[in-house]
């Protein structure tokens, strides 16, 4: 699959934003108030900013952005529609939570329920995003049970790292977030390792033979058009295996580095900032690989012997 | 609307004969020219005079070669590929706007160009590469089974068929109701062992492909070998000439 | 759930539909053009048209993009810079026509043959040939000399018809179809439709072709013959059938010259000619009377075989005796040819057995009574359901004429010409063998200011008909009808530029060409051709070819090398007639012709070439084109000519709706409403023959009488198949030293070998003359189904399908050569080298590489951007092909052509293929880009 930067940006940015938002909701619910007004405003702006930038980017990626509102209509069948609905619904709750959590509106009893609700909605949105990919049977690497958990843990890990970094910058105690962020990072690493093992070992049993019905000895002779077409550009891209292996290693190195820095940040808080940045880079890389390793079944018609 | 209809009145579709298709591209360009001015307009081409011209095509003709196996020759197969108007098409159910739908009336899978947002997710969900993006129009395009021809009362009755089927010079493309077991297309599928593409994907394509027939390049029963040269050929010819004389030969 | 969106069921996206005739290739299908506000929106096949019956092909359906191509020319141009510089000035038509008539007028006044007028993919040869006649130059031809003449000549000298689109397999009844190397651009939809019918009926389809694509891909059996060796394969089939006595003796005795007596008198002037009686009538041997009697004695007991002695003591043998002796010889046996032709011995034997089986055990009978030329009544029509068809794969070799004759011999031995299930004639064929038209252009026939006494192209029957100068040298610029190519019935367009530039046999003053890309993909040896076009006389500083006028609708490579450009219209903007006088669209079931009508008006300052030609004719005062008062005879241009021109009384370009009230067909007075009647009839006319005239037309009394009355033939005489071709023997005798007109010594051996009256095989010249070890492979092109020559590349749709080409190599051979899929390779011939990208496949003869024809373009042409893949990755084999063969003993370089017909031997090319040292993704050779000369330049 073509690793389009707009989609990579959307999923990584909004993932981190929703992760951060979820952690704000949960920690807010636990503490009952924000550590400071500045912290509340800044973190909310960053969380909602990332989410909004991501959503805008994905909207601009549309052929007809002005019709984007229509995407809210098919929530009964379409995970993309559900994602849109969840994203939209999250906003008012997040804002309401922000108002009471920051203390701008003093309804202390509302902080906990709104925080929990916001967290649920944020993670639901990430869940729907994961589901968009996980339910596409045409791309084996996506159509995996771990796709959605990875999206969720990535959101928590990157959101957690952001939370930690912002806390550090504002000179505040990161509270209960570091263990959550660390745990998410660990889970992410394990799931991703497992995921790659799964897709590497998954039988590529969809064949050109079945795509064409022409038997096992079929090969592509002529492309339908000598000029490249939409399907080839959008779905024909697969990263070379050797290259992918190298990128995976780099990804794990980045995770290790981020984890190490987070560990170091427990004693020297300043390390939380590079940890978050590195994790965001890792997210970008992972998402690029997610697309580039997504071998679409349509490639069987374009010369790929099996997928 | 992206919910699929429980049943469709008809299952209109194509039957494509891989034994007969010579790869002439008539179906491809006829499709392009009809749709450029019809339901799928405008289907604009990008960089039409440049280094990598491209535009949406709703039907593309692949060329495959079957490698020789022991006892069998290789063969080249021309393979037209377009939307198969599946019974359970995920391209429809993933659509967030309802622009993609499967018609309850006849089973045709269509895109409503007025509500499509061009998110391209449907193209990701299609295993067959049947959906293409029209960059200028900002929406997805696909085979409409010439929904604007098959019922069109402004066309002569014989012309009310998909442009590709009407164009096909070899008669390798057939159009009809595959939901009616008595229809000519259903009969053809039955006789010739028509098959589905990627059946394991579970999309239940309506369109069927007829397999290339076995080659006839080995000795056939009932055809006698000719005698080998034994030096008596001239005698045989003279005898034949004599028979011609004695018969009413001339 | 909500209801489905409402989709308009009956949208009307057009406001008018007009019929006309397609021109996206040479097939000439009927089309319906949909128009909206005067713009073409859709083109589909006309269901009521005899050629395509409603279908259309990939090219035809892309016609819109040709019509609106940015490659169109838009205004007359006159060259202001050097040739090839692209420096032109736009001029008005008045100036253009005045200039052209000035140039042409001075030639006509002095020496008309100094005009070389050659038209390319011209569908108006009825007019252009007549114009040349009226002008008085013999130097006229269309592109047939580099396309089809081997097949046309072989057919017309053998059975009075021809392959190509001049006949067709009996798609309805044939049970076994043998196809040799057919090109996609003639009869394209009828062949496709026919193959579809065969598939439906389960008839067996065998394709003999080095390449297994297109039609061959769907064949029941593919015979991957080596290029140029089809004659060996066919000869072995004939050997097998003769050996088994599996021939249609009745057919041979009645309808062919098999029983005719041939004089056996080696060394004498009559050797190999037919024995004739005092009345000049040919003879057969009456076995009962033991005497030679006239072939017109239909009651004689004709001997098919035998050697006899005439009363005057001369020895004779029947034609068929000689044929049998030739083909029963061991060198024609399957085991003797298998290695050279690449077809396994068993396959040859099996196919021969299948032919015999189908012909003689599966004969078909139609309950249609008919009467043959002898007056004998037949209750039924008996058919041997074997059909054969052949095109460029046979034609484009230096042995193509004789190979094609061998195929005809095979067809005729099996009794399959124009029988149910066989290969059928289309009107105006069958015609006399050969047609009774001699080429004009002998020295005395060329008179300044006067027309020729006859057409420049025709059919010679002996050395006396050749067009030779008084010193015996070629009289025509292309050397057609000289000893270089005595039966060059279509001329030799591929030699014109070379010969004119070398002033061999003489220089020309004006080269006038139409619709032929002679500086690029229609030229052999492109680099030298460009040099010839730009060569200057050292003494005068003038171009050696002083003036070049060119007419084309599009900014092709050739436009840059002309001095005066007359921009033509597109096919949707013009009148045309697809005439029985030219290359008609007849069906086997009856004659047909058609017209083009302008469905839209030109939006540029262009004029249809045919009208321009008539205008020039009037300006020049050509007799046929001016009234006695000196006024233009056809002031209305081409449509005026189409309606009112009469070639013979009552016979005009169109056969339908003749007579003042439009009620006559064939012959009849001009009908002023004729074109309107055609338009009302879907722009075509078709007459279906009655069932009793549909088969055996060559000997069908009823048909022959009808055809005479209709004006297709002069007399209702039978067309007796000439298996033994006496005119060839006349040329051979001359070469052996008999008669007054003899070839120069340098040509004798070649004439003696090639002009065998019995078909035979000889190796293509290029393969023989180059070192096989150095050039072990054959290289040929195939015509892509979605392209017609160079035209398709300017088409925004078609060029997406095929915007570049590859060199296809057999996998097994590529492995030996160390070439992998996608490698860039060099291809080297005795003449040149190119570089292209390789693609491997199985379905190709292992000794052969191939590519798609005419995809490579010169950068900057055809309205394409300079970095178009056609120019950067596309390539042509033309650079490897020399128009001249390597030097023979004595230093003479014959043209790279068939020695009999002058047919260009494109497919004789021998090459060496190697992985290129330079793997950069660009083809070679690359030429400097040309300036865009099309619309919006």
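Nothing in this text is a laboratory measurement; each read-out follows from the coordinates by a stated rule. All figures in this text were calculated on a predicted structure; none of them were measured in a lab. Here the Cβ is made from the backbone with ideal geometry for all residues, glycine too, and neighbour counts use every protein chain on show.
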Practice item. Bin all alpha-carbon pair distances of segment C:1-56 at 5 Å intervals from 0 and give each bin's fraction as a whole percent. Key: 5, 19, 20, 17, 14, 9, 6, 5, 4, 2, 1
Point to revise | Model label zone, residue A:249; criterion: amide N under 19 Å from point 7 Å along Cα-to-beta-carbon; scope segment A:284-304 | key: A:285-286, A:289-290, A:293
Review point. Dividing the Cα radius of gyration by the Kirkwood radius, what Rg/Rh value follows for segment A:259-307?
Key: 1.40
Review point. Can you give the % of DSSP beta bridges in the protein assembly as shown that are antiparallel, to the nearest 5?
Key: 70 percent
Check your understanding: In square nanometres, what is the average projected area of the Cα convex hull of chain C?
Key -> 41.2 nm²
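Kirkwood hydrodynamic radius, computed over distinct alpha-carbon pairs, for segment C:395-494: how many Å, to one decimal?
One decimal place: 15.6 Å for the Kirkwood radius.
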**Study point:** Estimated FRET transfer efficiency when R0 is 41 angstrom, pair residue C:648-residue C:691 (beta carbons, to 0.05)
**Key:** 0.90
Exercise for review: With the Cα gyration tensor of segment C:554-625 in hand, give its eigenvalues times 5 under a square root as the equivalent ellipsoid semi-axes, listed largest first in whole angstrom.
Suggested key: 26, 18, 13
**Study point:** Cα→Cβ-extended label distance, 7 Å offset, between residue C:469 and residue C:9, nm
**Key:** 7.7 nm
Exercise for review: Please pull out the direction-averaged projected area of chain A, using the convex hull of its alpha-carbon atoms, in nm² to one decimal place.
Suggested key: 17.0 nm²
Check your understanding: When the helices in chain B are scored as -39500 (n - 2.57) per DSSP H run of 4 or longer and the sum is shared across all residues, what 222 nm value do you end up with, to the nearest 500 deg cm²/dmol?
Key -> -5500 deg cm²/dmol
Exercise for review: For helix A:108-134, report the angle its Cα long axis makes with the longest principal axis of the Cα atoms of chain A; keep it between 0 and 90° and round to the nearest 10°.
Suggested key: 10 degrees
**Study point:** Estimated translational D of segment C:163-428 in µm²/s (Stokes, Kirkwood radius over Cα pairs; 10 °C; 1.306 mPa s)
**Key:** 81 µm²/s
Review point. What does segment C:892-937 give for Rg and for Dmax, in Å, if only its C-alpha atoms count?
Key: 18.3, 48
Check your understanding: So if we plug the beta-carbon distance of residue B:154 and residue C:746 into 1/(1 + (r/R0)^6) with R0 = 41 Å, what FRET efficiency do we get, rounded to 0.05?
Key -> 0.05
Practice item. Take chain A, connect every pair of alpha-carbon atoms lying under 10 Å apart with a spring to form a Gaussian network, then pick out the residue of A:129, A:176, A:27 with the largest mean-square fluctuation. Key: A:176
**Study point:** Which of A:288, A:101, A:142 has the fewest Cβ neighbours within 10 Å, and the rest in rising order
**Key:** A:288, A:142, A:101
Review point. Counting DSSP beta bridges in segment B:12-210, what percent are antiparallel, to the nearest 5?
Key: 90 percent
Practice item. Return the calculated 222 nm mean residue ellipticity for chain C, to the nearest 500 deg cm²/dmol, obtained by summing -39500 (n - 2.57) across DSSP H runs with n ≥ 4 and dividing by the residue count. Key: -7000 deg cm²/dmol
Exercise for review: Give the shape of segment B:107-250 as rounded, prolate or oblate, defined through the alpha-carbon gyration tensor: a ≥ b ≥ c are the square roots of its eigenvalues, a/c under 1.5 means rounded, and otherwise the shape is prolate if a/b is larger than b/c and oblate if not.
Suggested key: prolate
Exercise for review: Express as a percent, rounded to the nearest 5, the fraction of DSSP beta bridges in chain C (both residues included) that run antiparallel.
Suggested key: 65 percent
Study note, to complete from the structure: Computed over segment C:781-937, the Cα gyration tensor eigenvalues, each multiplied by 5 and square-rooted, give semi-axes in Å (largest first) of 26, 22, 15
Check your understanding: Do the sum for chain A: with -39,500 (n - 2.57) for every DSSP H run of n ≥ 4, divided by all residues, what is the mean residue ellipticity at 222 nm, to the nearest 500 deg cm²/dmol?
Key -> -23500 deg cm²/dmol
Review point. Can you list the residues of segment C:567-609 with backbone N under 19 Å from a point 7 Å past the Cα of residue C:95, pointing along Cα to Cβ?
Key: C:567-568, C:604-607
Practice item. At 0.36 nm per residue, minus the direct Cα-Cα distance, what do residue C:281 and residue C:924 gain on full extension? Give it in nm, one decimal, please. Key: 225.4 nm
Practice item. Please work out the C-alpha center-to-center distance from segment A:273-303 to segment C:783-828 and express it in whole Å. Key: 35 Å
Study note, to complete from the structure: Looks like segment B:12-210, by Cα gyration tensor root eigenvalues a ≥ b ≥ c and the a/c under 1.5 rounded cutoff (else prolate when a/b is bigger than b/c, oblate otherwise), is rounded
Study note, to complete from the structure: Once both label points are put 7 Å beyond Cα along the C-beta direction, the residue C:360-residue A:88 separation in nm becomes 8.4 nm
Revision key, fill the gap. Chain C: relative contact order from alpha carbon pairs under 8 Å, six or more residues apart, as a whole percent, is 17 percent
Review point. What base-10 log of the normalised intensity I(q)/I(0) is obtained for segment A:141-201 from the Debye formula, alpha carbons as equal point scatterers, at q = 0.13, 0.16, 0.23 Å⁻¹?
Key: -0.40, -0.54, -0.83
Practice item. For segment C:630-657 and segment C:20-62, compute the distance between their C-alpha centroids and round to whole Å. Key: 26 Å
**Study point:** Candidates A:163, A:243, A:33: whichever shows maximal mean-square fluctuation once chain A is modelled as a Gaussian network with Cα springs under 10 Å
**Key:** A:243
Check your understanding: What's the Cα-based Rg to Rh of the protein assembly as shown, Rh via Kirkwood?
Key -> 1.05
Review point. Using alpha carbon centroids, what distance separates segment C:137-175 and segment C:475-537, in Å?
Key: 23 Å
Review point. With the calculation restricted to Cα positions, what are the radius of gyration and Dmax of segment C:648-772 in angstrom?
Key: 23.2, 67
Study note, to complete from the structure: Two pseudo-spin positions, 7 Å from Cα along C-beta at residue C:298 and at residue C:753, lie apart in nanometres by 4.4 nm
